[in-house]
1. So, in the range 8-58, how many residues would count as being in contact with an Asp or Glu (Cβ under 6 Å, 6 or more places away or on another chain) and of a type in the set (Ser, Thr, Tyr)?
2. Restricting the first residue to the range 214-232 and requiring it to be touching a residue at least 12 places away in the same chain (Cβ under 8 Å) and farther than 20 Å from Arg246 by Cα, which pairs with a second residue that is of a type in the set (Asp, Glu) and part of a helix (DSSP H, G or I) meet a Cβ separation below 9 Å and a spacing of at least six or different chains?
3. Quick one: how many residues across the range 121-134 are within 13 Å of Ala96 (Cα to Cα) and out of contact with any strand residue (DSSP E or B) (no Cβ under 6 Å at 6 or more places or on another chain)?
4. At least 3 residues that are open to solvent by 50 Å² or more (accessible area, probe 1.4 Å) and either out of contact with any strand residue (DSSP E or B) (no Cβ under 6 Å at 6 or more places or on another chain) or under 23 Å from Trp126 (Cβ atoms) (or both) in each: list the helices (runs of 4 or more DSSP H) lying fully within the range 143-258 that qualify.
5. Which of (1) at pLDDT 90 or above; (2) within 23 Å of the chain's Cα centre (by Cα) is the odd one out, the single condition Leu244 does not satisfy?
6. Of Arg22, Arg66, which residue is outside any loop (DSSP other than H, G, I, E, B), within 30 Å of Tyr204 (Cα to Cα) and modelled with pLDDT of 95 or more?
7. Quick one: how many residues across the range 64-91 are open to solvent by less than 80 Å² (accessible area, probe 1.4 Å) and within 15 Å of Ile124 (Cα to Cα)?
8. Return the only residue of Leu41, Leu59, Leu95 being in a helix (DSSP H, G or I) and of a type outside the set (S, T, N, Q).
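The values are calculated or read from the model by the stated rules, or taken from the named source; none is laboratory data. Treat the numbers as computed from the prediction; the structure is a model and nothing was measured. Cβ placement follows ideal geometry from the backbone for every residue including glycine, while neighbour counts extend to all protein chains displayed. SASA here: full protein model, heavy atoms, side chains in, ligands and nucleic acids out. Shrake-Rupley method; radii C 1.70, N 1.55, O 1.52, S 1.80 Å.
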Amino acid sequence: LTVTEDDYQEVAADPRAAKYLRPYRQATEMLYGKDRWCLWLVDANPQDIHDSQILQRRLAAVAAERAASKTASVREQASSPALFTQRRQPSTRYLAMPEVSSENRDYIPGRFYDPEVIAGNKLIVWPDAPLWLFGYLQSAAFTQWVKAYAGRLKSDPSISPGLTYFTFPFVIPTGRIRERIEAAAQSVLDTRAGHSGATLAALYDPLGMPPDLRLAHRNLDAAIDSALGLRGQVSAGRRLDALLKRYLTLAAAPPDTT
């Protein structure tokens with residue numbers, strides 16, 4: 001169901017298959033600006049599938065591969081080869097972050113996508129994510145939390161929703177604090193946009209991160225730190241200590257039964 005650059009012209013030349021070509025992004029494509037596509041056949045017209053040799057050939061290959069799988073749940077889906085085995089594609093604009101990011105980056109870069117861009121399983125997605133949430137997830141506070149408590153792929157931290165996102169001790173911002181976070185988050189997006197042609201991997205290379213982008217992130221960090229009750233010059237150790245204390249306080253609180 002995925003279409004590489006080498007296959008793209010053949011699939012795009014088929015008028016029936018071309019209807020269902022969508023940009024497809026895994027973490028590599030998002031970070032390094034690579035092109036990849038997929039056939040997104042949810043709600044596809046059955047006649048299109050029947051009349052397209054390209055679709056017939058590709059779906060037959062999907063069915064055969066699934067039928068030969070050692071995993072029972074995959075074998076069961078051999079009867080529906082037009083659909084991805086996991087479907088969690090948002091129907092609205094969404095925030096995406098790589099499941100795994102280099103340990104050398106000071107921030108784990110994320111970005112917004114429109115729903116026409118299909119997210120692969122190596123992206124973690126937040127449908128309808130507000131700008132303040134983007135701000136939190138692009139902050140030093142969240143990055144340090146992930147590096148401290150996440151699992152690892154080789155030496156690179158891996159965002160596990162259960163270990164690092166759902167446990168992160170958010171302070172939900174309101175009023176002027178929310179406005180400050182959102183303004184700083186938008187500044188990060190605007191600063192990135194000013195470096196046309198640079199990939200996220202290039203922008204967040206610690207040796208080559210543009211000074212204006214680093215400044216935008218520092219302003220965002222100050223806004224997030226303020227929401228967490230931190231003032232002045234905040235070291236990584238002080239920030240992580242404050243996050244852990246807040247987490248322990250929240251974890252010890254009685255459940256809300258209202």
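1. The qualifying residues number 1.
2. Ala216/Asp190
3. Here the count works out to 6.
4. Working: elements: 175-193, 200-203, 211-227, 236-252.
The qualifying helices (runs of 4 or more DSSP H) are 175-193, 211-227, 236-252.
5. In the conditions (1) at pLDDT 90 or above; (2) within 23 Å of the chain's Cα centre (by Cα), Leu244 misses (2) alone.
6. Answer to the selection: Arg22.
7. Total meeting the criteria: 2.
8. Checking each option against the conditions leaves just Leu59.
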